[in-house]
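Right, one structure below, let's go through it.
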Amino acid sequence: MSRLDCVRESLRLALPELEGMVGPEARPVFWLELWERYVESQTDYRAGSEALARKLVEAGTDTARLLEWARGQSRDHFTPGAQLTLLERVFGEQFEMSQSQAAPKNKGELSSDRVQNPHDPEATYAVKGEGKKKKEHVGYKVQVAETVTQAELGPGEPTSNFITGIVTHAAHQSDPAGAEKMEAEQAEMGLEKPPVQYVDAAYVSAEKLAGAQAEGRQLIGPALCAPHNNGGRFTAESFDIEVEQRRALCPAGKLNTQCSRLENQTTGQVSYRLEWGQDCQQCPLRAQCIGPDQSHRTLVVGEHHTVLQARRKEQKTEAFAKEMKHRNGIEGTQSELVRAHGIRRARYRGLAKVRLQNYFAAAACNVKRWINRKVWNLKQASSVAAVGTAH
Ligand code: SF4
């Protein structure tokens, strides 16, 4: 839905709800005007963008006066219903009051968890990729975990991997946030954290790697590469850094002269700022290292940079690429859930029901796999018996 659709539809749902709660004598004087505009009429989408923008302002103004009227009603006779409460939320997300006028917020001011469609307020907007690979959707996001079998499958042998978790959450939330929900849900089911876990780059961070290491587990997945665009100058990857020792060797082979600890007051994340002093003055690599208006090089790295740097080196090896093949199974599982069980489309509205739909899909997938394994094992046993009889 466009922003205009979302506001108009929220009004269209709130007005009939109010009609059932408030008698004709108690309705506001502008009731018929709003009823005709939002319940009995539709927007003409052939109208130009300016006309549609005016319609959005008009819908905001109408919502503001309806909400103001509702706030002025005595709570002894009137309790706002679900649709009016939703309309108030949509108004707060889409408009701001300026000199008693409702003005649409700029796109950059809109929250990522705003209502996209009043028929399913929990469905949020998400975008993935850029350019031609850009994919947008309104709905939910699903995270899937399954077992990994190290043994290679024989010809025609069905998979022996089973889904151990399927988490559904708001689409605008990040993959790591979903992974945390997965961990919590699995813990609730009595499942321990896996000793070896294969993931894609979205789930790998310095903190996650260090956390897994501290718990004696392996988190196997590629780390995102350090940003290459440093104005063509050396990035952190060009330095040999030992955060634990608070020291680093620069590309010219010089040790840092200073190291300060920084702590983000909001997130509590710790990082270190390393500095090179006098050495930079006459350094032959100066132009490749620092900008013309900088006196010396500084570098800020997270407290777990060592483990991140080690992973970035490791992921370039053939052994790592081979190890990562164990993760390929989950791609097939996701495809199976989409193609055979239709999880790309929610049959019902609301997070709780979509979550239930996905639990059923995962259970069905597991049952089919279990049956396929049983059938395959029986076939194997009967072919061995047949060979035995022939002998
Ligand atoms: S400019 Fe400073 S930090 Fe950069 S390579 Fe030279 S000495 Fe090292």
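Since every read-out is calculated from the coordinates, none of them should be taken as a lab result. Nothing here was measured: the structure is a model prediction, and the numbers come from that model. As a convention, Cβ positions derive from the backbone with ideal geometry for all residues, glycine included, and neighbour counts pool all protein chains shown.
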Fill in the blank from the handout: proj_area_mean for region 230-366 (convex hull on C-alpha atoms), units nm², value 14.0
Handout entry: Percent of Cα pairs exceeding the 18 Å cut-off, where the set is region 3-109
Key = 47
Practice task
Pick out which of R217, R89, R261 has the largest mean-square fluctuation in a Gaussian network model of the chain, springs linking Cα atoms closer than 10 Å.
Solution key: R261
Fill in the blank from the handout: When the charge dipole of region 1-153 is computed with +1 on Lys and Arg Cβ and -1 on Asp and Glu Cβ about the Cα centre, the Cα farthest towards its positive end, among V29, A102, S49, belongs to S49
Practice task
Go through 42-49, 166-173 and give me the packing order, highest mean Cβ count within 10 Å leading.
Solution key: 166-173, 42-49
Problem - region 95-104 - phi-based ³J(HN,Hα) in whole Hz, Karplus 6.51/-1.76/1.60, Gly and Pro as x - result: 10, 10, 8, 9, 6, 6, 10, 8, 10, x
Practice task
Please work out, to two decimal places, the log10 of the ratio I(q)/I(0) at q = 0.11, 0.18, 0.21 Å⁻¹ from a Debye calculation in which every Cα of region 236-314 carries one identical scatterer.
Solution key: -0.30, -0.75, -0.96
Exercise for the section: Take the Cα pairs of region 29-68, get the Kirkwood Rh, then feed it into Stokes-Einstein at 4 °C and 1.567 mPa s and tell me D in µm²/s. Expected result: 119
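Taking the beta-carbon count within 10 Å as an exposure proxy, list D293, D62 from fewest neighbours to most. Show your work: numbers first, answer last.
On the way: D293 5, D62 19.
Fewest to most other Cβ atoms nearby, the residues stand as D293, D62.
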Exercise for the section: Anything in the chain that counts as a DSSP H helix reaching 30 Å or more along its axis (C-alpha) with Kyte-Doolittle mean of at least -0.5? List them, would you? Expected result: 49-71, 351-390
Practice task
Among D120, D175, rank each residue by its count of other Cβ atoms within 10 Å, from fewest to most, as a rough exposure measure.
Solution key: D175, D120
Practice task
Grab the beta carbon distance between E242 and K135, set R0 = 41 Å, and tell me the FRET efficiency rounded to 0.05.
Solution key: 0.50
Completion exercise
If one builds a Gaussian network model of the chain from Cα atoms under 10 Å apart, the most fluctuating residue listed among Q116, Q258, Q99 is Q99
Problem - Packing rank of 148-158, 2-12, where each peptide gets the mean count of other beta carbons within 10 Å, highest leading - result: 2-12, 148-158
Exercise for the section: Going by C-beta contacts inside 10 Å, put M21, M189, M97 in order with the fewest on the left. Expected result: M189, M97, M21
Practice task
May I ask for log10 I(q)/I(0) of the chain at q = 0.14 Å⁻¹, from a Debye sum over the Cα atoms as equal point scatterers with solvent left out?
Solution key: -1.20
